[in-house]
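What follows is a set of notes on a single structure, which appears directly below.
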Amino acid sequence: MFRRFFPGFPIGSWAALALCGLAWAAPSSGLERLQPAGKTPVRVVTTVNFITDLVEQVGGQRVRVEGLMGPGVDPHLYKASAGDVRRLSQADLVFYNGLQLEGKMVELLERLPKAVALTDAIPRERLIRLEGGQGRYSYDPHVWFDVSLWKLTVDRVAAALSRVDPAGASYYQANARAYTQRLERLDAYIQRQIARIPPRQRVLITAHDAFAYFGRRYGLEVRGLQGVSTVAEAGTRDVQELARFIVQRRIRAIFVESSVPRRTIEAVIAAARAQGWRVELGGELFSDAAGPRGTPEGTYIGMLEHNVRTIVAGLLGDAP
């Protein structure tokens, strides 16, 4: 029965699903369905690794967090394994981004009673609508690049943890307040740094269209070679059109992403040089995944600080 409704889900994962007795419910955006775990640490599973970091910041010592996707993993293309399904079934709480970021897992996640979409905390009028999008495909999912929006998800994490672990509610709320203040400082830092770039040079070109929220919030024109999702690959025409734009605007640097193969961006650089303009590779940005665990870039704040330093250096012509 489940296979009929979710044909893209791996057969082995359905077997694990049946063995684990995973509970199912109709999709809901509220937290009322969450049940107390009755013990600590609360077992939490997350999807992308910067959500793992967020939950650890709020949950502190009262949670044990396991992320499914590590550094360099593209969530648009990620397929849940049988082991992932077991982890989801054994968790007390699951956090994911939503808005179709976890494309091949979304139907599974939406039907888990203990799964919480962080982007449900953001008013829909503050999201970027996708041209031609319909229903749940209507919005750009890359909300974390606007720190003022990502800040709204912090209280949702604290509220969900408090439902599952009521005894820790004051602890989670205090951590959420402290982390929110750090995000406010990060937001101000990014605005100061981007302001260093002359307005005509504030053009950010990357492998796929992940930075629209960043551009809107911090005042950059943004172009992505691929669309909002990486499922559809860029073709020769896309490469040539972007190269012409770079030549016309005399863009100094364009950027690769840690979770997207760099070959298409390298093709754009070659196409621009064939048209007589030398554009540099400005460096690598973190887009759909943070860096390795244990490094500054492995945290949400650290990945954005890295991105800002790389963008500013590249667009000012200071990239190594």
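The values are calculated or read from the model by the stated rules, or taken from the named source; none is laboratory data. Note that the structure is predicted; figures quoted are calculated from it, not measured. Don't worry about glycine lacking a Cβ; one is built from the backbone with ideal geometry, like all the others, and counts go over all protein chains shown. These accessible areas exclude ligands, DNA and RNA; they are computed on the full protein's heavy atoms, side chains included. Shrake-Rupley method; radii C 1.70, N 1.55, O 1.52, S 1.80 Å.
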In Å, the Kirkwood hydrodynamic radius from C-alpha pairs for segment 185-314 sits at 14.9 Å
Toy charge model, Lys and Arg Cβ at +1, Asp and Glu Cβ at -1: the chain dipole around Cα centroid in debye, rounded to 20, equals 180 debye
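With r defined as the distance between the Cβ atoms of Glu184 and Arg86 and R0 fixed at 51 Å, what FRET efficiency is calculated, to the nearest 0.05? Display every interim value, and only then the final one.
Details: r = 38 Å, r/R0 = 0.75.
Rounded to the nearest 0.05, the efficiency is 0.85.
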Correct semi-axes for segment 50-117, from √(5λ) of the alpha-carbon gyration tensor and rounded to whole Å with the largest first, are 18, 14, 12
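Calculated from DSSP H runs of 4 or more alone, at -39500 (n - 2.57) each and per residue, what is the 222 nm mean residue ellipticity of the chain, nearest 500?
Details: 12 runs with 131 residues, N = 320.
One gets -12500 deg cm²/dmol as the mean residue ellipticity at 222 nm.
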Residue-normalised value, i.e. accessible area per residue, for the chain at 1.4 Å probe, in Å², stands at 44 Å²
Low-density loop trypsin sites (Lys or Arg not before Pro), segment 141-217, at most 16 other Cβ within 10 Å, DSSP non-H/G/I/E/B, are Arg196
Here the Kirkwood hydrodynamic radius of segment 144-228, Cα-based and in Å, equals 14.7 Å
From the Cα centre of segment 192-216 to that of segment 250-296, the distance in Å is 14 Å
Looking only at aspartates and glutamates whose Cα falls under 14 Å of Lys104's and that sit 8 or more positions away or on another chain, we get Asp74, Asp84
Taking only the alpha carbons of segment 249-318, the radius of gyration and the largest Cα-Cα distance, Dmax, both in angstrom, are 13.3, 43
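Given the chain, what percent of its DSSP beta bridges are antiparallel, to the nearest 5?
Values: 1 of 22 bridges.
If we restrict to bridges inside the chain, about 5 percent are antiparallel.
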Per DSSP, the loop-located trypsin sites (Lys or Arg not before Pro) within segment 231-290 having at most 13 other beta carbons within 10 Å are Arg250, Arg278
Taking the chain, the whole-percent share of alpha-carbon pairs separated by over 25 angstrom is 51 percent
Amide H neighbours of Leu130 at under 5 Å, excluding residues fewer than 5 places away on the same chain, with H built from the backbone geometry, are Tyr139, Asp140
With all protein chains present, the chain has a carbon and sulfur share of its accessible area (1.4 Å probe) in percent of 50 percent
Here, trypsin sites (Lys or Arg not before Pro) of segment 44-84 satisfying both criteria (DSSP loop; at most 12 other Cβ within 10 Å) are Lys79
Normalised per residue, the volume inside the convex hull of the alpha-carbon atoms of segment 40-155 in Å³ amounts to 110 Å³
Applying the span-like rule to the chain (DSSP H, Cα extent along axis at least 18 Å, Kyte-Doolittle mean at least -1.0) gives 152-164, 169-194, 236-249, 300-315
